[in-house]
Amino acid sequence: PVRTTHRVVLVAPSTVQWIGPNGESFGMGNRVVHLGEAPRTITAVDTRRGGRTKVLVEPKTGRVEYTKLPRQTLEVHARPFAEVFLGKERLGITPLEPIDVVAGSYEVRFVYKKITRVERIDVRANRPAAVNVVMAKTSP
């Protein structure tokens, strides 16, 4: 039987890695790949922020643009305060303004004195996400 494939153009900054439906790397940034007939899920990995976003590619779509994927805000809070990292990116010291991110899964790292906490969060397109941590016990 003849196997039909569809050409799909993947458009993204050079910091985004594309992972195929079977875990194979499609490379970084802008790529052209060939996918089968059935809809396939590929993953866009933001290597700077550490975000992993699953993208359903319909066979005849022909194009996926990372910058047009659903976005949402992520709020991070720490008591009393902390230095915050999203992947490799330093966001600053809390309190921070909400961060605009592509919907997906992230790890947020909080550092306060000698304490480090890592929180995993799924940011969904339909509602803002928030991470709240207590870095040290506070006196009553």
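The values are calculated or read from the model by the stated rules, or taken from the named source; none is laboratory data. Keep in mind the model is a prediction, meaning the values are calculated, not measured. Note: ideal-geometry Cβ built from the backbone for every residue, glycine included; neighbour counts use all protein chains shown. Only protein heavy atoms, including side chains, enter the accessible area calculation; ligands, DNA and RNA are left aside. Shrake-Rupley method; radii C 1.70, N 1.55, O 1.52, S 1.80 Å.
About the Cα centre of the chain, what is the dipole size in debye to 20, counting +1 per Lys and Arg Cβ and -1 per Asp and Glu Cβ, all else neutral? Could the numbers behind the result be given before it?
Working: 23 positive and 13 negative charges, 41 e Å.
Dipole about the Cα centre, nearest 20: 200 debye.
Can you check what the net charge comes to around VAL9, using other residues whose Cβ is under 13 Å from the Cβ of VAL9 (Lys, Arg +1; Asp, Glu -1)?
+4
Whenever you get a sec, line up LEU10, LEU96 from highest to lowest accessible area (probe 1.4 Å, protein heavy atoms).
LEU96, LEU10
Can you check what the net charge comes to around VAL55, using other residues whose Cβ is under 14 Å from the Cβ of VAL55 (Lys, Arg +1; Asp, Glu -1)?
Here the charged neighbours net out to +4.
How do the peptides 102-109, 81-88 rank, highest first, by the average count of neighbouring beta carbon atoms within 10 Å per residue?
On the way: 102-109: 20.6, 81-88: 18.6.
For the peptides 102-109, 81-88, the packing ranking is 102-109, 81-88.
Using a cut-off of 12 Å between alpha-carbon atoms, which aspartates and glutamates can reach LYS54, once sequence neighbours fewer than 8 places away in the same chain are excluded?
ASP46, ASP122
Tell me, what % of the accessible area of the range 68-138 is carbon and sulfur with a 1.4 angstrom probe?
Here it works out to 49 percent.
Any idea what diffusion coefficient the range 86-137 gets from Stokes-Einstein, in µm²/s, Kirkwood Rh on alpha carbon pairs, 20 °C, 1.002 mPa s? Let's see the in-between values first.
Details: Rh = 12.2 Å.
Approximately 176 µm²/s, per Stokes-Einstein.
Counting only other residues whose beta carbon sits under 15 Å from that of VAL76, what net charge do I get with K and R as +1, D and E as -1?
-2
In square nanometres, what is the average projected area of the Cα convex hull of the chain?
On the way: hull surface 39.6 nm².
Here the figure is 9.9 nm², rounded to one decimal.
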